[in-house]
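Asks: This is the structure I want to talk about, given as structure tokens.
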Amino acid sequence: MRSNLNNAIRFKYHQLAQGVRFGYHQARNLVKLDLGQRLTSPTLVANTLDQDDVKIAKSELKNRDHWFRADDVTVYEKTFADWNQSSYVFAFMEARVALSASIYALNLKPGDEVIIPGYTCVVVLNSFRFAGIKAVFGDIELDTYGLAAECVENLVTPKTKAILLHHLYGLVCRDYEQLLSIAQKHHLSVIEDCAMSTGAVFKDRKIGNYGDIAIYSSEQTKVFTTIQGGLAVTNRKDLADRLKGFYSQAAYPQEGYIDKLLHTVFINYFSFKHPHRWWREELVQILHEGKTLRSTTREEEQGVKPAHYGCRMPAPVARIGINQLRKIDAYNQTRRETSQNWDTWCRRNGYQQPFVVPDSTPVFLRYPVLVEPENKRDTRWAHVSPGVTPGVWFVSNIHPVAGELKSCPRANTAVRRCINFPTLLF
Ligand SMILES: *Cc1c(COP(=O)(O)O)cnc(C)c1O
């Protein structure tokens, strides 16, 4: 009785607090309007969600009995394969899981070594850790922030079995061809991390098709989004068979997780993209409080494998993916156009423009620039002019985990100085 009463009071108090929060937010916006300031700043979220994606998410929430049917996942994989000029595609819940599947497919074993860039995400390192494989860090170059070929040769030992190269910020990595030929010379497998550069082209072929196996991400800050999602891609039949072995053992995520993901679709849309987001953002967040998915858990940051790790993609997520793939080329074209404005900004302000590898077409997920360390530590200057919120990834060698790799001085320079500007502005 007493606890019911307490709960009722707590609920009323909660409603009141939310009302105050909403009122405060709107009052603050009215003041901004009066001062002629921007009501919202472009977010770090990639913003390729539109009303049509929201419609799919809402209809999926109403039709839960279709959630675990495999057919639309197959359609999604086939659509991506055709678009990416690749033969075999397997859809997982995250690119990090696609990487775990790739490690399995390549038959990498505990004790093996893999050379990876010393400027990466903790989740990439984790996939190797979880498999007992030693990651050896190679330094990067500062033109495209990719693995520097001249560092790799020195790191090859008899235990080295693979190289992971990455294409960051939507660029094609500078030493692509040299890295492929070093791998060939030493009989190493090549894994391409294309998480940030889906759709970038090198010599008339999409990246990811040059190595043995590639991973792509559709997490919410990437080139296209299903909030969370990852793909493992290969053109080799033997590796596809092994990927399939991993894939068929992988579980679907729980319903509660899918429910949250679908909610995050419209929370993100109304918060960051909708023309009336300046008043809807706070409202949608209050209405669906606690429904937003977080992409990396605290335990993952500490290198611990989470219980939910290793899932394949279920149909509702794939249906959003299919819709996103319809729009990806148009969004990438917009990104390339916006990047020209950033080129002008760099020339005016005395900064180096990112390097575009000859014969390549980048997608410019973000526009990376090396600025003074103090301008990375505190990026508020950019809110005023050029009027955007810059991204600061990566903030450490093994982002976001604190600590420095002494063996990678150029990666450390990027950690101190590389910020990235958005290329989809609304
Ligand atoms: C985001 C990202 C990943 C991980 O992708 P998830 O889908 O979140 O697992 C891996 N590598 C790079 C370079 C990334 O940017």
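Asks: Rounding to the nearest 20 debye, state how big the charge dipole of the chain is about its Cα centre with +1 on each Lys and Arg Cβ and -1 on each Asp and Glu Cβ.
Replies: That gives the chain a dipole magnitude of about 1120 debye.
Asks: Quick one: length gained pulling Q254 to L16 fully straight, 0.36 nm per residue minus the C-alpha distance?
Replies: That pair, Q254 and L16, stretches by 82.4 nm at full extension.
Asks: If you don't mind, another one. Run through the DSSP bridge list for the chain and note the antiparallel percent, rounded to the nearest 5.
Replies: 55 percent
Asks: Follow-up question, since we're still on this one. Gain in length, R380 to K62, computed as 0.36 nm per residue apart minus the alpha-carbon separation, to one decimal in nm?
Replies: Once the chain is fully extended between R380 and K62, it gains 110.3 nm.
Asks: Which of the lysines could a cross-linker bridge to K185, judged by Cα under 20 Å and excluding same-chain residues fewer than eight apart?
Replies: K159, K161
Asks: Once R0 is set to 30 Å, what does the formula 1/(1 + (r/R0)^6) return for the Cβ-Cβ distance between S87 and Q178, expressed as a FRET efficiency to the nearest 0.05?
Replies: Once the sixth-power term is evaluated, E becomes 0.75.
Asks: Given the alpha-carbon gyration tensor of the chain, what are the semi-axes of its equivalent ellipsoid in whole angstrom, ordered largest first, with each equal to the square root of 5 times an eigenvalue?
Replies: 35, 28, 21
Asks: Provide the per residue accessible area, probe 1.4 Å, for the chain, rounded to a whole number of square angstrom.
Replies: Dividing the accessible area of the chain by its residue count gives 44 Å².
Asks: Please go through segment 340-387 and write out the trypsin sites (Lys or Arg not before Pro) that DSSP classes as loop and that have at most 16 other C-beta atoms within 10 Å.
Replies: Counting only loop positions with at most 16 other Cβ atoms within 10 Å, the trypsin sites (Lys or Arg not before Pro) in segment 340-387 are R380.
Asks: So what's the angle, to the nearest 10 degrees on a 0 to 90 scale, between helix 237-249 and the longest Cα principal axis of the chain?
Replies: 40 degrees
Asks: Only bridges whose two residues both fall in segment 120-247 count here: according to DSSP, what percent of them are antiparallel, nearest 5?
Replies: In segment 120-247, approximately 50 percent of DSSP beta bridges are antiparallel ones.
Asks: Among D359, D72, D212, which one moves the most in a GNM of the chain with springs linking Cα atoms closer than 10 Å?
Replies: D359
Asks: Next up: Using alpha-carbon positions, what is the distance between the centroids of segment 75-131 and segment 253-288, in Å?
Replies: 29 Å
Asks: Let me ask something else. Which angle between 0 and 90 degrees, to the nearest 10, do you get for helix 2-35 versus the longest principal axis of the chain when only C-alpha atoms count?
Replies: The answer is roughly 80 degrees.
Asks: Going down the table (K109/K203; K12/K58; K222/K376), which pairs top 25 Å between alpha carbons?
Replies: K109/K203; K12/K58
Asks: On to the next question. Considering only DSSP states other than H, G, I, E and B, which trypsin sites (Lys or Arg not before Pro) in segment 216-290 qualify as loop sites with at most 13 other Cβ atoms within 10 Å?
Replies: Sites meeting the loop and neighbour criteria: none at all.
Asks: Based on alpha-carbon centroids, what's the gap between segment 297-348 and segment 137-178 in Å, whole number please?
Replies: A separation of 22 Å, based on Cα centres.
Asks: Starting from the Cα of K244, draw a straight line to each of the lysines and keep only those under 17 Å, dropping any in the same chain fewer than 8 residues away.
Replies: Cross-link targets: K78.
Asks: Okay, moving on. Looking at the chain, identify the longest residue range that excludes and avoids all GluC sites (Glu not before Pro) in DSSP loops having at most 16 other Cβ atoms within 10 Å.
Replies: For GluC sites (Glu not before Pro) (loop position, at most 16 other Cβ atoms within 10 Å), the longest site-free span of the chain is 1-288.
Asks: Further question on the same structure: With point charges of +1 on the Cβ of Lys and Arg and -1 on the Cβ of Asp and Glu, referenced to the Cα centre of the chain, which listed residue (P368, P314, L99) lies farthest in the positive direction of the dipole?
Replies: Of P368, P314, L99, it is P314.
Asks: Now for a separate question. Which angle between 0 and 90 degrees, to the nearest 10, do you get for helix 51-62 versus the longest principal axis of the chain when only C-alpha atoms count?
Replies: 80 degrees
Asks: 7 Å from Cα along Cα→Cβ at both I9 and K406: what's the point-to-point distance in nm?
Replies: Placing both labels 7 Å along Cα→Cβ, they lie 5.9 nm apart.
Asks: With the chain treated as a Gaussian network of Cα nodes joined by springs under 10 Å, which of S295, S197, S87 yields the largest mean-square fluctuation?
Replies: It is S295.
Asks: With r as the distance between the Cβ atoms of D343 and E372 and R0 = 25 Å, compute the FRET efficiency 1/(1 + (r/R0)^6) and round to 0.05.
Replies: In this case the efficiency is close to 0.80.
Asks: For G138, enumerate residues with amide H under 5 Å from its amide H, sequence gap 5+ or separate chain, H modeled in the peptide plane.
Replies: I116, G118
Asks: At a 1.4 Å probe radius, carbon and sulfur cover how many percent of the accessible area of the chain?
Replies: Roughly 53 percent of what the probe reaches on the chain is carbon or sulfur.
The values are calculated or read from the model by the stated rules, or taken from the named source; none is laboratory data. Here the structure is a predicted model, which means the values were calculated and not measured. We place every Cβ from the backbone using ideal geometry, glycine too, and count neighbours over all the protein chains shown. Areas reflect the complete protein model, heavy atoms only, side chains present, ligands, DNA and RNA absent. Shrake-Rupley method; radii C 1.70, N 1.55, O 1.52, S 1.80 Å.
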